[in-house]
1. So how far apart, in nm, are the two label points at B:Thr76 and A:Glu8 if each is 7 Å from Cα heading toward Cβ?
2. Can you check what the net charge comes to around A:Phe34, using other residues whose Cβ is under 9 Å from the Cβ of A:Phe34 (Lys, Arg +1; Asp, Glu -1)?
3. Once you list every other residue whose beta carbon is under 10 Å from the beta carbon of B:Thr112, what net charge do they have if Lys and Arg are +1 and Asp and Glu are -1?
4. When a footprinting reagent is the concern and you count Cβ atoms within 10 Å, what order do B:Asp86, A:Asp9 take, fewest first?
5. Express the relative contact order of chain B as a whole percentage, based on alpha carbon pairs under 8 Å and six or more residues apart in sequence.
6. Please work out whether chain A counts as rounded, prolate or oblate from its C-alpha gyration tensor, where a ≥ b ≥ c are the square roots of the eigenvalues and a/c under 1.5 means rounded, while otherwise a/b larger than b/c means prolate and anything else oblate?
7. Could you tell me which of B:Asn51, B:Gly28, B:Gln6 has its Cα farthest along the dipole of chain B towards the positive end, charges placed at Cβ (Lys, Arg +1; Asp, Glu -1), taken about the Cα centre?
8. If I take every Cα pair under 8 Å that is 6 or more residues apart in chain A, average their sequence separation and divide by the length, what percent do I get for the relative contact order?
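Quick note: the coordinates plus some simple rules give every number you see, no bench work behind them. It should be emphasised that the depicted structure is a prediction, and the values quoted were computed from it without experimental measurement. Cβ placement follows ideal geometry from the backbone for every residue including glycine, while neighbour counts extend to all protein chains displayed.
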Amino acid sequence: AQSVAQPEDQVNVAEGNPLTVKCTYSVSGNPYLFWYVQYPNRGLQFLLKYITGDNLVKGSYGFEAEFNKSQTSFHLKKPSALVSDSALYFCAVRAPDRGSTLGRLYFGRGTQLTVWP
Amino acid sequence: GAGVSQSPRYKVAKRGQDVALRCDPISGHVSLFWYQQALGQGPEFLTYFQNEAQLDKSGLPSDRFFAERPEGSVSTLKIQRTQQEDSAVYLCASSPRTSGALQETQYFGPGTRLLVL
């Protein structure tokens with residue numbers, strides 16, 4: 001079975017500081033990993049994904065994520081946080097799963113990021 | 001617009017009432033997914049369509065939930081005899097190709113927030 005854990009419900013950082021939002025996963029097979037952001041009363045907005053290749057993935061709005069197979073992690077990072085980055089962030093995984101749809105995403109519970117001025 | 005749209009954005013229903021939630025995917029997208037997001041949780045898979053075929057409905061919580069996509073574009077999620085535990089945000093997502101393309105990004109709509117009183 002596939003699963004995702006986001007160990008922190010909340011992350012607070014000062015504007016201009018680097019930020020990290022943590023994600024670990026459990027899959028059978030090669031993982032396909034995604035980060036989405038959700039602003040209040042809006043749907044999920046795609047940030048970036050890891051499929052294969054370089055372990056450092058660059059995405060929208062200056063975000064990047066590092067895939068670490070040995071630690072089964074896919075942490076989201078940004079070198080310099082902005083107040084406008086404050087939102088709810090979701091990590092998700094897809095993987096081949098015998099007897100199940102290939103398409104569904106498995107999401108973590110989300111991490112609320114607050115960047116204060 | 002070019003994105004996924006959903007209607008209504010908000011729905012208040014009395015317990016026992018039937019509701020219908022609509023999703024307009026991105027034009028030409030083959031795959032369509034429905035997810036349920038309870039308060040404080042990540043989205044959870046409900047069902048998947050490839051064109052007009054419902055290939056996976058294993059996530060539907062009960063037989064009161066029914067989804068269709070008769071012409072392979074617009075989809076409707078219907079909930080019969082609504083219960084308070086059905087209160088959640090219902091998210092629709094689409095992607096260009098079939099679910100077998102695991103690297104495909106799912107693009108989400110803004111969601112329908114359902115409150116059952």
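1. Rounded to a tenth, the inter-label distance reads 4.5 nm.
2. Here the charged neighbours net out to +2.
3. Value of the local net charge: +4.
4. On the way: B:Asp86 21, A:Asp9 10.
Final ranking by Cβ density, sparse to dense: A:Asp9, B:Asp86.
5. Values: 300 pairs, mean separation 42.6, N = 117.
Rounded, it is 36 percent for chain B.
6. prolate
7. Towards the positive end, the residue furthest out is B:Gln6.
8. Relative contact order here is 38 percent.
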